[in-house]
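A.B. asks: Could you have a look at this structure, given as C-alpha cells, before my questions?
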Amino acid sequence: MQSSLDTEKPISSGSISGPDSVGFLIGQRVHFVGDTHRIGTVKYVGAVEGYGGNWVGVDWDNGDGKHDGSHNGVRYFEAQGPKSASFVRPHNLSSGFPLLKALELRYHGESTKEEEDEMYVLSASNKRVSIELLGKDKIQNKLSQFEELTSASLAYLGVSSAGPPGHINTTIPRLKELDLTGNLLSDWREIAAICKELPALVTLNLSYNIMSHDISGMPLLNHINVVVLNHTGIGWKQVEMLKDPIPLVEELHLMGNKLRGITPLSSDIVHGFDSLRLLNLENNFIAAWDEILKLSQLKRLEQLFLNNNCISHIWYPDHNPLSEPPNSHELLGESFRPFQNLRCLLVGGNKIEDFSSIDTLNLFPNLLDIRLSENPIVDPRKGGVPRFVLIARLAKVEILNGSQVSPRERKDSEIRYVRLVMSKCQDNPEEIKKLHPRFAELKKFHGIEDEKAATGATGPQKMSSSLISITLKCVAASIGEKVPLTKKLPATTTVGKLKILCESFFKIKSVKPKLFLQEEGSPLPTLLDDDMASLIDFGVGNGSTILVEEEC
C-alpha cells in the first residue's frame with residue numbers, strides 16, 4: 001500500500017526528537033523545498049503513528065496531496081479535500097524569507113533555464129537563434145540599481161515577511177508597482193510593514209496568498225490606489241475593514257474568492273470607498289442581484305466586473321417587473337440615482353435568460369459598455385437572440401461584448417429588429433408594446449411603415465417590397481473557391497429552402513450545405529440550424545452575409 005507520507009520510509013521508533021522537532025506553527029504558510037509553486041498551510045506538527053520523528057501535516061492549495069488529514073485510521077487534522085493533504089518532514093518545507101531576499105534572487109541571481117529560453121527566438125527555418133543575451137544583461141544591470149526600480153514582480157518566490165525595519169525603504173524607495181502573487185504571506189501586519197516602507201507604492205498584487213481574516217490594527221496607507229486580492233480567501237467583511245486603512249483605492253480586484261454576497265458591516269448598503277472606480281468580482285458565486293444593489297451608492301464607481309457568477313436576473317430600483325425586495329426605497333434613498341456613474345458592466349458567463357434584464361440596462365444613467373456573452377439569452381442553442389437584437393434593445397450601448405457598435409451597425413440592427421418584430425407580432429399591438437419596449441420608438445425614428453398592400457397593388461409589387469438582398473459566400477474547403485453571389489430573396493424564405501438554392505447557385509451536388517450568418521461586430525458567425533425557420537427569424541436582413549459551409 002502506498003504511503004501517505006512524503007519522502008520518508010516508516011521506522012519502528014515513535015520518538016519525537018532531533019532536528020525535526022524544531023520548525024513550524026499551525027496555520028503557517030509553507031512551500032515544498034525546490035518547488036515554490038507547491039504551497040500549502042500547516043495543519044499539524046508532531047508524531048505520526050508508526051513513523052519516527054516529527055512530521056508536518058500540510059493541506060496543499062492545489063489539492064495535490066495523498067489524504068484528507070488522516071492516516072491508517074487516525075485523524076490528525078481536517079483537510080479541504082479528500083486528497084489535498086500529506087505529511088512531510090520539516091526539512092522538506094520552507095517557511096520563506098524576507099522580501100529583499102526574494103528581490104535579490106529575482107534580479108541578481110543566475111538565470112534559470114526557463115529564463116534563458118526566453119532569450120531566444122525562432123528563425124524562419126525554425127531554428128533557435130540566441131539574441132546574444134545583450135537584452136538580459138542590460139535588464140539585469142539596470143535592475144541591479146535597486147534604488148531606481150519602479151516595478152517589481154516577485155511572484156512565487158517564497159516571500160513571507162517584510163524583514164528588518166528600514167531595509168526595504170533604503171533599498172527600493174521609488175517602487176510604484178509590487179506583484180507578490182503566490183507567496184507565503186498571510187499576516188496583514190507584514191503587508192502593512194512592507195507598504196509603510198514604500199511611500200511611492202501605488203499598485204499592490206497579493207493574489208494567491210491566503211490572507212488572514214484579522215485586519216485589525218492596519219495603519220493608514222493612503223498612497224495605494226490599486227489592490228489585487230484575487231484568490232486570497234478574503235470575504236466582504238474583510239474588504240469593508242480595508243476601506244479605512246486604504247481610503248484612496250481606485251481599483252479593487254476580488255476574483256475567485258467564493259463570494260456569495262455583499263455584507264456591509266454597519267448598514268444595508270456599502271458606504272465609503274469614495275475613490276473606487278473599478279470593482280472586479282468575477283469568478284465568484286454571487287446569484288442574487290439584490291447583493292449587487294448594495295454597491296449602488298458607490299458614487300464614483302465606473303466599472304463593475306461580474307463575469308462568471310450565478311446571476312439570473314438584473315433589475316433597476318422601481319423598475320422590477322418580477323419582484324422587488326422589501327424596503328428597497330429605504331435601502332437606496334428616494335433622491336439617489338443608483339449606479340449613477342457606472343459606464344461599464346460585465347455580466348458575461350452568468351445565467352441571464354430574460355429580456356427584462358436586457359431592457360432594464362437602459363435605465364442605468366451612463367451605461368455604455370456591456371458584456372452579455374455566454375448567457376442563455378445570447379446562446380442560439382438555448383433560444384437566445386443574435387447581436388443585432390441586443391443592439392436594438394440597448395439604446396445607449398457603444399461597446400457590446402468587447403466590440404464597438406458603429407453608427408451604421410446600430411442603424412442596420414434597429415431596422416432589422418423592427419422588421420423582425422413586425423413579421424412576428426403584426427396583428428398584436430398589445431403584445432408588441434409589452435415585449436418590445438423600444439419598437440414604437442424605433443419604428444417612428446427610422447420611418448418604417450406598416451407593410452400593408454396599397455389599393456390596387458399587384459402580386460409582384462407586394463412581393464418585391466418584402467425582398468431582402470443578401471450576399472452568399474462559399475467557404476467550404478471541398479467545394480473550392482467560388483465568387484460571392486448577391487441575391488434578392490423573400491424575407492420569409494426558410495433556411496431549408498436557401499440550402500437547396502445554394503446547391504443550385506454554386507452547382508454543388510455531393511456536398512450538404514450548412515449556413516452561417518456573419519454579423520458585424522460578432523467574433524463568430526451564427527449557425528442557421530433550424531431548416532423550418534425563416535431568414536427573418538434569424539435576423540437576416542438587407543445587406544446580410546451568409547457563409548456556405550459543408551456538413552461534417
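A.B. asks: What does the accessible area per residue of the stretch 506-552 come to in Å², with a 1.4 Å probe and no ligands, DNA or RNA counted?
C.D. replies: 54 Å²
A.B. asks: May I ask you to compute the full-extension gain from residue 374 to residue 213, defined as 0.36 nm times their residue separation minus their alpha-carbon distance, rounded to one decimal in nm?
C.D. replies: Between residue 374 and residue 213, full extension yields 54.6 nm more.
A.B. asks: Quick one: dipole size for the stretch 177-287, taken about the Cα centre, charges +1 on Lys/Arg Cβ and -1 on Asp/Glu Cβ, in debye to the nearest 20. Walk me through the numbers before you get to the answer.
C.D. replies: Values: 7 positive and 13 negative charges, 50 e Å.
With only Lys, Arg, Asp and Glu charged at Cβ, the dipole is about 240 debye.
A.B. asks: Between residue 300 and residue 431, take the C-beta separation as r, use R0 = 30 Å, and let me know the FRET efficiency to the nearest 0.05.
C.D. replies: E(calc), rounded to 0.05, equals 0.15.
A.B. asks: Listed here are the pairs 487/509; 443/514; 351/473; which of them are more than 28 Å apart at the Cα?
C.D. replies: Beyond 28 Å: 443/514; 351/473.
A.B. asks: If R₀ is 30 angstrom, what is the calculated FRET efficiency for the pair residue 153 and residue 78, using the beta carbon separation as r and rounding to 0.05?
C.D. replies: With R0 = 30 Å, the Cβ-Cβ based efficiency is 0.30.
A.B. asks: Further, regarding this structure: Give me the percent of the accessible area of the stretch 342-422 that comes from carbon and sulfur atoms, probe 1.4 Å, all protein chains in place.
C.D. replies: So the carbon and sulfur contribution to the accessible surface is 50 percent.
A.B. asks: Between residue 288 and residue 351, what is the spin-label point distance in nm, taking each point 7 Å from the Cα along the Cα→C-beta axis?
C.D. replies: 1.4 nm
A.B. asks: If you don't mind, there's one more thing I want to ask. Pop out the carbon and sulfur fraction of the accessible area of the stretch 207-319 as a percent, whole number, probe 1.4 Å.
C.D. replies: Exposed carbon and sulfur together represent 49 percent of the surface.
A.B. asks: Kindly sort 64, 379 by accessible area of their heavy atoms, largest first, with the probe set to 1.4 Å.
C.D. replies: 64, 379
The values are calculated or read from the model by the stated rules, or taken from the named source; none is laboratory data. These numbers were taken from a predicted model, which means no experiment stands behind them. Virtual Cβ from ideal backbone geometry, glycine too; neighbours counted across all protein chains shown. Quick note on the areas: whole protein, heavy atoms, side chains included, nothing else; ligands and nucleic acids left out. Shrake-Rupley method; radii C 1.70, N 1.55, O 1.52, S 1.80 Å.
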